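So the structure is just underneath, and the comments pick up after that.
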Amino acid sequence: MPNRSSAYDKERLNHINFLMDTIADSSNIIYECLVDREFEPLKKEIPNLISLLTEIQNSVEDEI
């Protein structure tokens, strides 16, 4: 019998992939800002990444 993912598992994986893509995009923006010495956009992007990571951390803590 093949192992089939439930709709919940597929939705969960899609959400995780979305989060990881968002983190990667934000990290790339931060990298480019640092390299180009563009500190104003950097000051905006760092709190965005911190907020996203905090949301993930809180979500994980709710599951424990």
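Carbon-plus-sulfur fraction of the accessible area of the chain, 1.4 Å probe, in percent? The computed percentage sits at 55.
Remark: region 1-60 carries 87 Å² of accessible area per residue (probe radius 1.4 Å; ligands, DNA and RNA excluded). Compute the angle between helix 39-63 and the longest alpha-carbon principal axis of the chain, please, reported from 0 to 90 degrees and rounded to the nearest 10. Taking Cα atoms only, the helix is inclined about 20 degrees.
In the chain, the longest principal axis of the Cα atoms and the axis of helix 7-36 are about 10 degrees apart. The calculated Kirkwood hydrodynamic radius for the chain is 13.8 Å, given to one decimal from all distinct C-alpha pairs.
The values are calculated or read from the model by the stated rules, or taken from the named source; none is laboratory data. Note that this is a predicted model, so its numbers are computed, not measured. Note: areas computed on protein heavy atoms with side chains; ligands, DNA, RNA excluded. Shrake-Rupley method; radii C 1.70, N 1.55, O 1.52, S 1.80 Å.
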